[in-house]
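Take a look at the structure set out below.
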Amino acid sequence: MQTQAKTHPTRQAINNAAIRELRSVVGAEHLCTTAEDLDRYSRCTIPWQSVCAAVVFPASAEDVAEVVKIAARYQIPVWPSSTGRNWGYGTTLAITDGALVMILERMNRVIEVNEELAYAVIEPGVTYEQFNRHLRSNGYKLWIDCTDGSGLGSVIGNALERGVGETPYGDHFGNLCGLEVVLADGERVHIGGELRGLHTWHTHKTGVGPYLEGLFTQSNFGIVTRAGIWLMPQPESYNSFVYQINDERHLPQVLDAFRRLALTGIVNTKLHMINDFVSMSILTQRIAEQVPRNGPLSDSNLAALRHKYGIAPWNCAGGIYGTRRQVSLQRSLLRQALGAYGRLIFLSDRLLPYLERIIDWSWKSPVMRRITELGARTSLPVLESAPYVHKILQGIPTEYFVKHAYYRNRHPRPLDAVHPARDGCGLIWFAPILPLSNAHVWPFLEACKERFAAHGFDFYVAMLLMNPRSVICLMAIIYDREDPGETTHSRELYSELLALMRARKLQQYRAGLQSWGELFSDAPEILRLNARLKAALDPANILAPGRYGVAAALELAQPATPADNTTP
Ligand code: ADP
């Protein structure tokens, strides 16, 4: 794998006295200050450059509080992350150089699992992979909800970003209940509960009095050091389904059908609907195909690749859960609602091992492969993705889907240990959320698609049902970071997409670092309100100043503009 070309801007060193104090709290081995370490934690996939001054790994809430107090004394901004895999939005980057990056991966205990009430209490370093393994290996009949991102991502980190997963428990913040937070002055608070313990801390989400939990998401008001999280009781029966739409003229009817199914509760997963390029970016790389090395795939390139891999223009995936009778009824209701517009295929736990065996044999025998592909009416690589889809919809994470970030990378992607930031991939997430109606969705997607093409990029859109009324139209700008032209265009495209979104009175559901300076440009009153809260909770601006446009003083809320930050 190549190393990412870096030019280090001026690095603002943390003074030696502060380093000594920090080491005395966490131990010398848990404070990184070498150039190599700082480079590792300053890598990201977005076209933004900032270099941190040190990286600290606390082991407990007490450590976190001590570190924050030291940082306040020496006026060092602290940028906390749980596991720091926020690829496409900023990874562990601070807006500017000289931050103390705090990674909470050592705080990785599953503190409690309550099977009767279907919740757990975990620390921020607990990853999806670890959490799922913990529950299954200890025989708990509870499922986590993960994302299709890295299994090494943090359960709490994603929830604090208000991320969205797959199952009926896919609203990750909605399923957090009871937070422990360290404030900027080092005070520890149990949001929704109290320090002496409260039996409903993890069962009743709002506590009493003003509802404060939301303040600690997409913000910089505190550092979350533990949280309760609700889990899905393992259902008696479960099916995943994929749905292929070959004729794009049916998209409006499909969208109407999905809304009705969601509003009536027949579908309650975070349904995913992806265009052909999303599938392509998971299955292959630009360097592996006979396609132009610059510019987007033409319609004929796309059609040829669709044919080669047996991909429909649009694909959907979801899950149905319940008793055997409920699942069987849901299958027939889905068939009734969607059957006319596409091909609906269900997969059950019973069928899964057979499918996996057939896939395995087909890779080994060309004759078997031909028979399998004819029978399945798709290619073996596409068929191979079905077990991953099935597992992810029951909380079993995989690195399989993260491969999309390597589509324009000049080097072959790794077979495992996928890490787009380390490997110099170019990926920016643009995450607008829209009302789930045809009048909003399709004209907006058309306009965005036209902008992608104008800048030489392939149009990538994954629509995720946030709730029955709103859909996230998640777009990835996948670019070659080694190409300065593509990097400049990625930045320009992102700005144009933001402008287009605002012109249509829309916003993102979650925002990358480059857009924080503009988040409230149409709502200065919200900017002022956030600044007043920040000034009350963190008057010295120690915690991630400027994150999501929030800082104690308004002028600090604006991150450097891309023009000030031109190193890829
Ligand atoms: P993931 O690895 O799951 O993508 P991260 O650890 O990168 O999640 O967290 C995503 C973002 O959420 C971080 O950039 C950080 O700003 C914020 N965040 C994560 N964990 C915490 C925490 N424990 N307290 C406060 N903010 C956090």
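The values are calculated or read from the model by the stated rules, or taken from the named source; none is laboratory data. Every value quoted in this text rests on a predicted model; they were computed, and no experiment measured them. Using ideal geometry, Cβ is built from the backbone for each residue, glycine included, and neighbour counts are taken over all protein chains shown.
Screening L347 with (1) assigned to a helix (DSSP H, G or I); (2) crowded, with 18+ Cβ neighbours inside 10 Å gives one miss only, at (1).
For the range 216-260, the set of residues classified as surrounded by 16 or more Cβ atoms within 10 Å (Cβ to Cβ), assigned to a loop (DSSP other than H, G, I, E, B) and away from the ligand (no atom under 16 Å from the Cβ) consists of L231, Q234, P235, listed by residue number.
Scanning the range 290-309 for residues that are surrounded by 16 or more Cβ atoms within 10 Å (Cβ to Cβ) and either under 16 Å from E248 (Cβ atoms) or acidic (D, E) (or both) yields L302, R306. What about E482, is it over 26 Å from A317 (Cα atoms), assigned to a helix (DSSP H, G or I) and acidic (D, E)? No: the conditions fail for E482.
Among the candidates T83, T96, the residue that is part of a loop (DSSP other than H, G, I, E, B) and either within 14 Å of the ligand (Cβ to nearest atom) or crowded, with 22+ Cβ neighbours inside 10 Å (or both) is uniquely T83. The single condition among (1) in contact with a helix residue (DSSP H, G or I) (Cβ under 8 Å, 6 or more places away or on another chain); (2) part of a strand (DSSP E or B) that P296 does not meet is (2). Just so you know, in the range 118-133 the residues that are in contact (Cβ under 8 Å) with a residue 40 or more places away in the chain and of a type outside the set (A, V, I, L, M) include one that is surrounded by the fewest Cβ atoms within 10 Å (Cβ to Cβ), and it is E129. Tell me which residues, restricted to the range 134-160, are closer than 19 Å to V418 by Cα and more than 11 Å from the ligand (Cβ to nearest atom). Result: D148, single match. Among the residues in the range 192-215, are any in contact with a Lys or Arg (Cβ under 9 Å, 6 or more places away or on another chain) and within 11 Å of the ligand (Cβ to nearest atom)? No, that holds for no residue. E62 meets each of the listed conditions (1) part of a loop (DSSP other than H, G, I, E, B); (2) free of Cβ contacts under 8 Å to residues at least 12 places away in the same chain apart from (1). Looking only at residues that are touching a strand residue (DSSP E or B) at 6+ places or on another chain (Cβ under 6 Å) and within 12 Å of the ligand (Cβ to nearest atom) in the range 161-190, which one is farthest from W79 (Cα to Cα)? My answer is L176. For the residues A13, A72, A17, the requirement of being over 22 Å from P539 (Cα atoms) and assigned to a helix (DSSP H, G or I) singles out A17. Quick one: is I103 hydrophobic (A, V, I, L, M, F, W, C) and within 23 Å of V418 (Cα to Cα)? Criteria met by I103. When every residue of the range 364-376 is checked against the conditions, at least one turns out to be assigned to a helix (DSSP H, G or I) and under 18 Å from T284 (Cβ atoms).
Scanning the range 248-269 for residues that are in contact with a Pro (Cβ under 8 Å, 6 or more places away or on another chain) and of a type in the set (D, E, K, R) turns up E248, R259. One residue alone among L556, L543, L527, L519 is surrounded by 13 or more Cβ atoms within 10 Å (Cβ to Cβ), at pLDDT 95 or above and either of a type in the set (A, V, I, L, M) or under 13 Å from A94 (Cα atoms) (or both), and that residue is L543. Of all positions in the range 170-186, none carries a residue that is outside any loop (DSSP other than H, G, I, E, B), surrounded by fewer than 24 Cβ atoms within 10 Å (Cβ to Cβ) and without any contact (Cβ under 8 Å) to a residue 12 or more places away in the chain. Residues that are aliphatic (A, V, I, L, M), more than 30 Å from I428 (Cα to Cα) and either out of contact with any strand residue (DSSP E or B) (no Cβ under 7 Å at 6 or more places or on another chain) or more than 13 Å from the ligand (Cβ to nearest atom) (or both) within the range 66-80 comprise I70, A71, A72, listed in sequence order. Screening V113 with (1) hydrophobic (A, V, I, L, M, F, W, C); (2) in a strand (DSSP E or B); (3) without any contact (Cβ under 8 Å) to a residue 24 or more places away in the chain gives one miss only, at (3).
Just one of the numbered conditions (1) of a type in the set (A, V, I, L, M); (2) within 16 Å of the ligand (Cβ to nearest atom); (3) surrounded by 22 or more Cβ atoms within 10 Å (Cβ to Cβ) is not true of V278: (2). Listed conditions (1) assigned to a loop (DSSP other than H, G, I, E, B); (2) over 20 Å from the mean Cα position of the chain (by Cα); (3) surrounded by 23 or more Cβ atoms within 10 Å (Cβ to Cβ); (4) not aliphatic (A, V, I, L, M) are all met by D145, apart from (2). Condition first: in contact (Cβ under 8 Å) with a residue 40 or more places away in the chain, touching a helix residue (DSSP H, G or I) at 6+ places or on another chain (Cβ under 6 Å) and closer than 28 Å to E482 by Cβ. Now tell me which residues in the range 299-310 satisfy that. Result: Y309, single match.
Kindly check whether there is at least one residue in the range 423-430 that is at pLDDT below 95 and either of a type in the set (A, V, I, L, M) or out of contact with any strand residue (DSSP E or B) (no Cβ under 9 Å at 6 or more places or on another chain) (or both). The answer is yes; a qualifying residue exists. Note on the range 99-133: among residues that are under 20 Å from H30 (Cβ atoms) and among the hydrophobic types (A, V, I, L, M, F, W, C), the one that is nearest to the ligand (Cβ to nearest atom) is L104. Any residue at all in the range 381-393 that is modelled with pLDDT of 95 or more, assigned to a loop (DSSP other than H, G, I, E, B), of a type outside the set (K, R) and over 15 Å from the mean Cα position of the chain (by Cα)? Yes - at least one qualifying residue is present in the range 381-393.
Return yes when R335 is outside any loop (DSSP other than H, G, I, E, B), over 30 Å from T127 (Cβ atoms) and in contact with a helix residue (DSSP H, G or I) (Cβ under 7 Å, 6 or more places away or on another chain) and no when it is not. Taking the combined requirement at face value, the residue does not satisfy it.
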